[in-house]
Amino acid sequence: MLRIVAAAALAMAASTAMAQNYPARPITVVVPYAAGGPVDTVARIAAARMSELLGQQMVIENVGGAGGMTGTARVSKAAPDGYTVLLSGSAVLSQVPQIYARPLYHPLNDFDHVALFNDSARVLIVRKDFPASNWAEFASYAKANAKDLKYGSAGMGSGSHTCAVLIDMALGVSLTHVPYRGAGPAMQDLIGGRIDFIPEQISTATPQIKGGTVKPIVTFGTERAPGLETVPAAPELGLKGLDCGAWGGFSVPKGTPKAIIDRLAKATADAIDTPAVIERYKGIGVVVPAKDRRTPEYFSKFVKGEIERWGVPIKAAGMRIE
């Protein structure tokens with residue numbers, strides 16, 4: 001019995017010492033999608049400032065595949081020491097685990113959630129020569145040409161995929177899905193005219209919209225998005241059930257010491273309070289959450305609520321990947 005108590009005391013002391021010295025080396029941030037996509041973009045902006053605040057480099061590693069499940073699963077199995085961090089988000093935590101019949105991780109049991117740090121609506125973008133420029137025209141054309149239309153996504157079960165399924169349900173059609181290993185490759189094919197549309201995060205879509213390489217139809221948020229004020233939001237058009245905006249945060253393997261989680265949470269909150277970061281996010285349509293939404297406690301409850309919220313449309317649409 002004394003040996004057990006002594007071992008526990010030593011383990012606690014080692015954990016405390018590790019937390020006090022954290023971080024003592026570079027931190028790997030796993031982005032579960034290909035480079036160049038929206039999740040990758042917001043991660044790099046935050047990580048650059050956090051590296052300065054923490055005094056150690058936060059190194060981005062892109063591990064795409066299976067709608068983000070491959071990279072997320074890798075983090076779930078990493079050592080809980082704060083040196084492997086997941087750029088988590090709406091798709092990999094609240095959607096993918098409910099779509100795949102055999103998910104590689106559990107969003108609540110396998111992770112400790114650190115902090116929510118961005119919100120981003122989605123925007124329906126079409127190829128520049130698409131024969132529709134507003135929602136009414138898009139809906140009419142999609143219904144008349146359902147067998148020919150193709151949409152891209154960041155992968156099976158990704159946020160862009162689930163959002164497109166909601167569009168299918170709203171229109172009463174079943175359009176052809178072309179999954180990619182991230183938003184970047186999907187965007188390139190949209191620009192090249194090989195697919196017809198993507199319900200993309202505003203952070204990735206805005207530069208292409210402003211550059212004239214794609215056309216915006218409607219944003220899927222509660223109000224018009226920053227930087228795209230001329231594009232109507234779905235509620236304005238009377239569209240219901242299309243709130244499929246994205247959010248992002250940082251998560252770590254379950255069992256990570258609380259002191260390390262708190263250190264990361266503070267660095268995250270301080271980073272997104274930096275004027276330069278706020279300005280860069282604003283430029284790509286990303287909103288910084290209010291201060292009371294950045295704590296580990298809030299984020300953990302928020303993830304649970306999002307899992308419940310997305311379970312309804314996922315089940316109703318019969319989305320299941322064996």
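List every residue whose amide H lies under 5 Å from the amide H of Y100, counting only residues 5 or more places away in sequence or on a different chain, with H placed 1.01 Å from N in the peptide plane.
HN-HN under 5 Å from Y100: I321.
If the viscosity is 1.567 mPa s and the temperature 4 °C, what Stokes-Einstein diffusion coefficient in µm²/s follows for segment 110-244 when Rh is the Kirkwood radius over Cα pairs?
87
Measure out, as a whole number of angstrom, how far apart the alpha-carbon centroids of segment 134-179 and segment 271-322 sit.
Comparing the Cα centres of segment 134-179 and segment 271-322, I get a distance of 23 Å.
Please compute the Cα-Cα pair-distance distribution of segment 63-112 with 10 Å bins starting at 0, giving whole percents from short to long.
Using 10 Å bins, I get a P(r) of 27, 61, 12 for segment 63-112.
Given the C-alpha atoms of segment 125-179, compute the convex hull and give its volume per residue in Å³.
Taking only Cα atoms, segment 125-179 has a hull volume of 79 Å³ per residue.
What residue among A225, A205, A78 shows peak mean-square fluctuation when the chain is described by a Gaussian network model with Cα springs under 10 Å?
A78
On the protein heavy atoms, probe 1.4 angstrom, tell me the percent of accessible surface of segment 25-108 carried by carbon and sulfur.
Percent of accessible area from carbon and sulfur atoms in segment 25-108: 54.
Relative to 2.2 N^0.38 Å, what does the C-alpha radius of gyration of segment 189-237 come to as a ratio? Two decimals please.
Rg over 2.2 N^0.38 Å, computed on Cα atoms: 1.13.
Quote the accessible area belonging to M169 in square angstrom, nearest 10, computed with a 1.4 Å probe and with ligands, DNA and RNA left uncounted.
Using a 1.4 Å probe on the heavy atoms, I get roughly 90 Å².
Any idea of the accessible area per residue across segment 146-301, 1.4 Å probe, to the nearest Å²?
Per-residue accessible area for segment 146-301 comes out at 41 Å².
Looking at the square roots a ≥ b ≥ c of the eigenvalues of the Cα gyration tensor of segment 236-322, which shape do they give, rounded for a/c under 1.5, prolate if a/b is larger than b/c, or oblate?
Oblate.
Looking at the chain from every direction and averaging, what is the projected area of its Cα convex hull in nm²?
If I average the Cα hull's projected area over directions, I get 16.8 nm².
Could you check which residue among S251, S76, S160 shows the biggest mean-square fluctuation in a GNM of the chain with a 10 Å Cα cutoff?
Among S251, S76, S160, the largest mean-square fluctuation in the Gaussian network model of the chain belongs to S76.
When only Cα pairs under 8 Å and 6 or more residues apart are kept, what is the percent relative contact order across the chain?
27
Would you calculate the volume per residue, in Å³, of the smallest convex hull containing every Cα atom of segment 60-188?
125
With Rg and the Kirkwood Rh both taken from Cα atoms, where does Rg over Rh land for segment 199-281?
1.10
Might you tell me the accessible area per residue for segment 44-93, computed with a 1.4 Å probe and given in Å²?
Solvent-accessible surface per residue comes out at 32 Å².
Using packing as a proxy for protection, rank 28-35, 103-110 so that the peptide with the highest average count of other Cβ atoms within 10 Å comes first.
28-35, 103-110
The values are calculated or read from the model by the stated rules, or taken from the named source; none is laboratory data. Please read all numbers here as calculations on a predicted model, not as lab measurements. As a convention, Cβ positions derive from the backbone with ideal geometry for all residues, glycine included, and neighbour counts pool all protein chains shown. Just the protein is used for accessible areas: all its heavy atoms, side chains included, with ligands, DNA and RNA removed. Shrake-Rupley method; radii C 1.70, N 1.55, O 1.52, S 1.80 Å.
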